[in-house]
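Following: one structure in structure tokens, then a few remarks.
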Amino acid sequence: MGLLSKKPDQPEEPASPGLVAWQPNPRDRCDKRWCVAQAYVRTLHGPRHLPLLWCAHHFVELETDLFMGGSRVDDHRDKLRAAEAAFANKKEKP
Ligand SMILES: [Zn+2]
């Protein structure tokens, strides 16, 4: 019954999630195993644009391999730098 409640004009899943703009979210975590850092970069893989998320550290570490795979990259590390700068400024003030 629940299957019939789907809107007919809604595809099963986004055909290409990569075509939807991605913004880093505090809930987004690096996809590298064991890594719990917040993701600031998304790469897209394969014909279906499967997304993987990376923290700044692991993106730099894997960057060459990721580009070799022909990934599209959404790089939001500027937001990380801005956050770090804001944090540093806050710390310096008494
Ligand atoms: Zn990581």
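Bear in mind these aren't lab numbers, they're just calculated from the coordinates by the rules spelled out. Computed from a predicted model, the values in this text were never measured in an experiment. Every residue, glycine among them, receives a Cβ derived from its backbone with ideal geometry; neighbour counts consider all protein chains shown.
Taking the condition of being more than 23 Å from GLY70 (Cβ to Cβ) and more than 11 Å from the ligand (Cβ to nearest atom), how many residues in the range 24-38 meet it?
So the answer is 3.
Name the residues in the range 39-54 that are small (Gly, Ala, Ser) and more than 15 Å from the ligand (Cβ to nearest atom), would you?
Across the range 39-54, the qualifying residue is only GLY46.
Taking only the range 36-71 into account, find how many residues are surrounded by 15 or more Cβ atoms within 10 Å (Cβ to Cβ) and in a strand (DSSP E or B).
Here the count works out to 10.
Quick one: in the range 55-80, of everything that is among the small types (Gly, Ala, Ser) and more than 18 Å from ARG27 (Cβ to Cβ), which residue is farthest from the ligand (Cβ to nearest atom)?
GLY70
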